[in-house]
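Engineer: One structure is given below, represented as C-alpha cells, and several questions about it will come after.
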Amino acid sequence: MWSADSRHLRVALLEDRLVCSLGGAAARETGFDAPAKDEPAWRPAVAALVQQLAQQPGQVGRVSVVLGSAFVRWQLVDWPVQAGSDSELQAFLRLRFRGVYGAASAAWRLAHAVASPGQALPACAVDEALPAALAQAAKGANARLVSVRPYVSSALDHWRGQWRGHAAWVAVVEPGHLTLALLDARGRWLGLGAVRCAEGPAWREALAGLQSRLALQAPTPVPREAPLFVAGTGADTAGAPGWRALVPTGRAAPQGLARLAIGI
C-alpha cells in the first residue's frame, strides 16, 4: 500500500500541520497558523498545501489526501427502516446531522459505509468546499487529486483483518484526537465516538471515559475479553496488557506521522 510512485504526493491534512510524502520518501511536516476569525478551519491547511506544491514544480502528478479528525464529523446511525433508496438514506442522514450540528450541516458533504439493512451505519461529514479546494490546489500545480478520505475510515479499512471474527475495540489516534469504534464478532458496529485530547500520551486518559460511555450505550453487552487494537500515532505507545498495536512492518513501512499520510 505504501509502495513508491515517484510523482505521487500523499498528504495528511491535520489541524495544525501537513504531513507529506512524495514518491515514498521520508515524510515532511509543515506547520501553519490557526485560521482567522470566520475563516473555514481547513483554509490554512489548504494554503500550506498550495505552498508545498509550488515548492516542487513538475514533480507531482497525483495527490492523495487523508483528512484528520479536525475536519470530519462522525455519527453512528441506527438503520432507518423507512429508507427504501439511497436518496432516502441520504435525506435521513442529513436530518440526523442537522439535529446534532444545526444549520451549518447544510454545507457539508455526507458519506457512509457500505449499507447493511438493519445494522447501525457509520456516517461522516466534511465541509462541501474542502474537496473542491483540494482539487483546485492540485490543478494549480498541474497535478490531479485522486482521493480524499478521512484517516479514521482509511485506517479501519486497512486493519480490519486483524480483528475479523472477534468483538473488538479499535482506537484510532491522531495528534490531538482519539476516535474509538466498538464492533461485534460479526463486524457489526456497536459504538463510535471521538474526543479531543492533548497531543502525546494524553489519549490514554481520554480512552477510559470514552470506552465507558460507548459500553453503556451499546445495544448488547460488550464481551469482557474484547481486545483493544490501536492504530495511528498511538500504536507506538500502546503497550498496555491486552492492547494490540497496529504497526506496519518491513523495511519500507512508514512509521510515526508518515502512517497518517499513507492512511494506515
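Engineer: In the set Ala54, Ala12, Ala45, which member is at pLDDT 95 or above, surrounded by fewer than 12 Cβ atoms within 10 Å (Cβ to Cβ) and not β-branched (Val, Ile, Thr)? Step through it out loud before you land on a result.
Structural biologist: Working: Ala12 fails: surrounded by fewer than 12 Cβ atoms within 10 Å (Cβ to Cβ); Ala45 fails: surrounded by fewer than 12 Cβ atoms within 10 Å (Cβ to Cβ).
Of Ala54, Ala12, Ala45, the one residue that is at pLDDT 95 or above, surrounded by fewer than 12 Cβ atoms within 10 Å (Cβ to Cβ) and not β-branched (Val, Ile, Thr) is Ala54.
Engineer: Could you pull out the residue among Ser85, Ser64, Ser21 that is open to solvent by less than 70 Å² (accessible area, probe 1.4 Å) and either modelled with pLDDT of 95 or more or among the charged types (D, E, K, R) (or both)?
Structural biologist: Numbers: Ser85 fails: either modelled with pLDDT of 95 or more or among the charged types (D, E, K, R) (or both); Ser21 fails: either modelled with pLDDT of 95 or more or among the charged types (D, E, K, R) (or both).
After applying the criteria, what remains is Ser64.
Engineer: Okay, moving on. Given the residues Val11, Val50, which is the only one that is within 23 Å of Ala194 (Cβ to Cβ), among the β-branched types (Val, Ile, Thr) and touching a residue at least 40 places away in the same chain (Cβ under 8 Å)? So that I can check it myself, show each step before the final result.
Structural biologist: Numbers: Val50 fails: within 23 Å of Ala194 (Cβ to Cβ).
Being within 23 Å of Ala194 (Cβ to Cβ), among the β-branched types (Val, Ile, Thr) and touching a residue at least 40 places away in the same chain (Cβ under 8 Å) holds for just one of Val11, Val50, which is Val11.
Engineer: Still on this structure, I have one more. Restricting the search to segment 195-207, which residues are out of contact with any Phe, Trp or Tyr (no Cβ under 6 Å at 6 or more places or on another chain) and either of a type outside the set (Asp, Glu) or surrounded by 15 or more Cβ atoms within 10 Å (Cβ to Cβ) (or both)?
Structural biologist: Just the residues of segment 195-207 that are out of contact with any Phe, Trp or Tyr (no Cβ under 6 Å at 6 or more places or on another chain), to begin with: 195-196, 198-207.
Val195, Arg196, Ala198, Gly200, Pro201, Ala202, Trp203, Arg204, Ala206, Leu207, listed by residue number.
Engineer: If you don't mind, there's one more thing I want to ask. Just give me the residues in segment 48-89 being among the hydrophobic types (A, V, I, L, M, F, W, C) and over 19 Å from Pro122 (Cβ atoms), in sequence order. Don't jump to the end; show me each part of the working.
Structural biologist: So the first thing to find is which residues in segment 48-89 are among the hydrophobic types (A, V, I, L, M, F, W, C), and the list is 48-50, 53-54, 60, 63, 65-67, 70-72, 74, 76-77, 79, 81, 83, 89.
Correct list: Ala48, Leu49, Val50, Leu53, Ala54, Val60, Val63, Val65.
Engineer: Could you list all residues from segment 92-136 that are small (Gly, Ala, Ser) and either surrounded by 15 or more Cβ atoms within 10 Å (Cβ to Cβ) or closer than 15 Å to Pro150 by Cβ (or both)?
Structural biologist: Taking segment 92-136 first, the residues small (Gly, Ala, Ser) are 99, 102-107, 111, 113, 115-116, 118, 120, 123, 125, 129, 132-133, 135.
Result: Ser105, Ala111, Ala113, Ala120, Ala123, Ala125, Ala129, Ala133, Ala135.
Engineer: Does Ser154 count as under 23 Å from Arg259 (Cα atoms), in a helix (DSSP H, G or I), in contact with a strand residue (DSSP E or B) (Cβ under 9 Å, 6 or more places away or on another chain) and polar (S, T, N, Q)? Give the steps one after another, and end with the answer.
Structural biologist: Values: under 23 Å from Arg259 (Cα atoms): yes; in a helix (DSSP H, G or I): yes; in contact with a strand residue (DSSP E or B) (Cβ under 9 Å, 6 or more places away or on another chain): yes; polar (S, T, N, Q): yes.
It is true that Ser154 is under 23 Å from Arg259 (Cα atoms), in a helix (DSSP H, G or I), in contact with a strand residue (DSSP E or B) (Cβ under 9 Å, 6 or more places away or on another chain) and polar (S, T, N, Q).
Engineer: Can you find a residue in segment 170-183 that is surrounded by 13 or more Cβ atoms within 10 Å (Cβ to Cβ), free of Cβ contacts under 8 Å to residues at least 24 places away in the same chain and either closer than 26 Å to Pro241 by Cα or over 21 Å from the mean Cα position of the chain (by Cα) (or both)?
Structural biologist: Pass one, segment 170-183, residues surrounded by 13 or more Cβ atoms within 10 Å (Cβ to Cβ): 170-183.
Those still in the list that are free of Cβ contacts under 8 Å to residues at least 24 places away in the same chain too: 183.
Restricting the remaining residues to those that are either closer than 26 Å to Pro241 by Cα or over 21 Å from the mean Cα position of the chain (by Cα) (or both) gives 183.
Checked against the condition, which is being surrounded by 13 or more Cβ atoms within 10 Å (Cβ to Cβ), free of Cβ contacts under 8 Å to residues at least 24 places away in the same chain and either closer than 26 Å to Pro241 by Cα or over 21 Å from the mean Cα position of the chain (by Cα) (or both), segment 170-183 yields at least one hit.
Engineer: While we're here: Would you check which residues across segment 214-224 are in a helix (DSSP H, G or I) and over 15 Å from Trp189 (Cβ atoms) and list them? I'd like the intermediate steps shown before the answer.
Structural biologist: Of the residues in segment 214-224, the ones in a helix (DSSP H, G or I) are 214-217.
Leu216, the sole residue that qualifies.
Engineer: Go through segment 55-110 residue by residue and tally those that are of a type outside the set (A, V, I, L, M, F, W, C) and in a loop (DSSP other than H, G, I, E, B). Outline the logic, then answer.
Structural biologist: To start, the set of residues in segment 55-110 that are of a type outside the set (A, V, I, L, M, F, W, C) comprises 55-59, 61-62, 64, 68-69, 73, 75, 78, 80, 82, 84-88, 90, 94, 96, 98-99, 101-102, 105, 109.
So of that shortlist, the ones also in a loop (DSSP other than H, G, I, E, B) come out as 55-59, 61, 68, 78, 80, 82, 84-85.
Result for segment 55-110: 12.
Engineer: Any residue at all in segment 214-232 that's β-branched (Val, Ile, Thr), under 23 Å from Val114 (Cβ atoms), open to solvent by 20 Å² or more (accessible area, probe 1.4 Å) and without any contact (Cβ under 8 Å) to a residue 40 or more places away in the chain? Can you show your working first?
Structural biologist: Initially, segment 214-232 is screened for residues β-branched (Val, Ile, Thr), giving 220, 222, 230.
Going one step further and asking which of them are under 23 Å from Val114 (Cβ atoms), we end up with 220.
Right, trim to open to solvent by 20 Å² or more (accessible area, probe 1.4 Å) and you get 220.
Of the ones still in play, those that are also without any contact (Cβ under 8 Å) to a residue 40 or more places away in the chain are 220.
Yes, some residue in segment 214-232 is β-branched (Val, Ile, Thr), under 23 Å from Val114 (Cβ atoms), open to solvent by 20 Å² or more (accessible area, probe 1.4 Å) and without any contact (Cβ under 8 Å) to a residue 40 or more places away in the chain.
Engineer: Report, by residue number, each residue of segment 227-264 that is among the basic types (Lys, Arg) and either closer than 22 Å to Ser147 by Cα or at pLDDT below 90 (or both). Steps first, answer last, please.
Structural biologist: Taking segment 227-264 as the starting set, the residues that turn out to be among the basic types (Lys, Arg) are 244, 251, 259.
Arg251, Arg259 - these are the residues of segment 227-264 that are among the basic types (Lys, Arg) and either closer than 22 Å to Ser147 by Cα or at pLDDT below 90 (or both).
Engineer: Every residue in segment 154-167 that is touching a residue at least 24 places away in the same chain (Cβ under 8 Å) and either farther than 12 Å from Gly232 by Cα or of a type outside the set (Gly, Ala, Ser) (or both), please.
Structural biologist: Filtering segment 154-167 for residues touching a residue at least 24 places away in the same chain (Cβ under 8 Å) gives 154-156, 158-160, 162-163, 166-167.
Hits for segment 154-167 are Leu156, His158, Trp159, Arg160, Gln162, Trp163, His166, Ala167.
The values are calculated or read from the model by the stated rules, or taken from the named source; none is laboratory data. The shown structure was predicted, so the numbers you read here are calculated from the model rather than taken from an experiment. Here the Cβ is made from the backbone with ideal geometry for all residues, glycine too, and neighbour counts use every protein chain on show. Ligands, DNA and RNA are stripped out before the accessible areas are found, and what is left, the full protein with its side chains, is counted by its heavy atoms. Shrake-Rupley method; radii C 1.70, N 1.55, O 1.52, S 1.80 Å.
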